[in-house]
Amino acid sequence: MKTTTLIVDNNVNTTQAYAQAVEKLLMGEVIAFPTETVYGLGAIATNEQAVAKIFEAKGRPSDNPLIIHFGDAHHILEYVREISDKAYKCMNAFWPGPLTLILHAKPNVLAPNVTAGLHTVGVRIPDHPVALELLTMLGQPVAAPSANRSGKPSPTTALHVEKDLNGRIPLILDGGPTGIGLESTVVDFTIDPPVILRPGGVTASMLRQVVGEVIEPDTLIVDSASVPRSPGMKYAHYAPDASLYLIQPDHMAIENAIKSIHTKQQTVSLLAPDEFMQYHADWFYSFGNQENLEASAHDLYAHLRACDDTPTDIILVTVPVKVGVGAAILNRLEKAADGNWWHS
Ligand code: TXA
Ligand code: MG
């Protein structure tokens, strides 16, 4: 299959690009498009065969459900049983935006493979002009996971999508780099208090300001059968090819780690704030200023993917403080490193 990339920004005539994208979706094809978080790989959420193509293109396990994207909130009640007061409040406060709400699904409306056999479904309205234009023109909900091959870092540019899915999907809408760079916050509203299943741009404290108590992953009793967990949490994720280790943003620790790796004739990539540039890692990828967590989130996946274009043996990544979006960054890093910390 030939993959076409169409640029959709303000400087080019985009009408045809959107028309083509809508046509492909109506024909039961999958297409990639930008959202404010990461690029998504979408298919019409009521078309089982189209949704099956998402799983196939990504190499995604079929027991991992998809998020449904809407252009506006009007039609959501056709797909979910009810929207609780807390869920309503969060939709009002954070939509369009990087918040996915898990709600009870109405039976027999969505393609069964969207929910992977669960009775719940994740819904969100993305805050991106391209995604909103596409969803509005289509007028139907779109099931879309991140547009990467399963296990790889999520794509934050159209080029990342091409790299993973070239020849596997017919169309990519290129709306430039995504803003936030990490996937949406996923919150389970089918229980009370709501539970954060995946931290993201909408932080725990932002949610608490709107609905009071919410439970964070750290406070989860992991093995309790009563706590629903996100099926996606059990899979390896966001992983580059080389071995990745977490390290504290500490000058001595980083200097020693790089020396010790070089002593073993290995190469090392360092992802860290600017102030750690001086330690002669073979490749250095900046998170910018240590205080600017938004910049780290924005660049994290692009940096991890850039490491795959080098022959680096080892990747060291400094961990952020766990405040605000730092919780989401740390969550993705722990998965990418499979929990491994560097010990010299
Ligand atoms: O920002 C995002 O959320 C992006 C953009 C494209 O919208 N999408 C995204 O989708 O990250 P995906 O499929 O890569 O991640 C969805 C996560 C998975 O961990 C999945 O297990 C979880 O949401 N999820 C989806 N439906 C669920 C459900 N009914 N119950 C629990 N978890 C669910
Ligand atoms: Mg994903």
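The values are calculated or read from the model by the stated rules, or taken from the named source; none is laboratory data. Since we're looking at a predicted model, the values are computed, not measured. Using ideal geometry, Cβ is built from the backbone for each residue, glycine included, and neighbour counts are taken over all protein chains shown. Remember, those area values only see protein heavy atoms, side chains included, never the ligands or the DNA or RNA. Shrake-Rupley method; radii C 1.70, N 1.55, O 1.52, S 1.80 Å.
Here are the numbers:
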quantity	calculated
Bridge type composition, the chain - antiparallel percent by DSSP, nearest 5	40
Estimated [θ] at 222 nm from DSSP helical runs (n ≥ 4, -39500 (n - 2.57)) normalised by residues in the chain, nearest 500	-9000 deg cm²/dmol
Cut-off under 5 Å, modelled amide H: who pairs with residue 40 long-range	33, 35, 147
Cut-off under 5 Å, modelled amide H: who pairs with residue 284 long-range	270
FRET efficiency, 1/(1 + (r/R0)^6) with R0 25 Å, evaluated for residue 159 and residue 313 via beta carbons	0.50
Efficiency of FRET between residue 5 and residue 213 - r from beta-carbon atoms, R0 41 angstrom, step 0.05	0.35
Under 5 Å, built H, 5+ apart or other chain: amide partners of residue 215	195, 196
Cβ-Cβ FRET estimate between residue 191 and residue 330, R0 fixed at 22 Å, reported to 0.05	0.35
Which listed pairs, of 152/335; 2/53; 53/106; 264/322; 53/335, have C-alpha distances above 21 Å, in listed order	53/106; 264/322; 53/335
Note, ³J(HN,Hα) from phi for region 114-131, Karplus 6.51, -1.76, 1.60, rounded to Hz, x at Gly and Pro	5, 9, 6, x, 7, 9, 10, 8, x, 10, 7, 10, x, 9, 9, x, 5, 4
Per DSSP, loop trypsin sites (Lys or Arg not before Pro) in region 233-328 with at most 16 further Cβ within 10 Å	264, 322
Rounded to whole Hz, the Karplus (6.51, -1.76, 1.60) HN-Hα couplings of region 257-263, x for glycine and proline	4, 5, 4, 5, 5, 5, 4
Anisotropy class of region 8-101 from Cα gyration tensor, a/c 1.5 cut	oblate
Rounded Å value of the spacing that divides the Cα centres of region 54-115 and region 152-214	13
Ellipsoid semi-axes in whole angstrom, largest first, where each is sqrt(5λ) of the Cα gyration tensor of region 243-336	21, 14, 11
Area accessible to solvent at residue 46, 1.4 Å probe radius, in Å²	60
Spin-label pair residue 74/residue 292, simplified geometry with 7 Å Cα→Cβ offset, distance in nm	4.1
Reference-scaled alpha-carbon Rg (2.2 N^0.38 Å with N residues) for the chain	0.99
Folded to 0 to 90 degrees: helix 85-94 orientation relative to the chain principal axis, Cα	60
Neighbour count of at most 12 Cβ within 10 Å plus DSSP loop: longest GluC sites (Glu not before Pro)-free window in the chain	83-212
Net lengthening on full extension, residue 274/residue 205 (0.36 nm per residue, minus Cα-Cα)	22.0 nm
Karplus 3J(HN,Hα) series, Hz, for region 167-181 with 6.51 cos²θ - 1.76 cosθ + 1.60 (x for Gly, Pro)	x, 9, 9, x, 8, 10, 8, 9, x, x, x, 6, x, 7, x
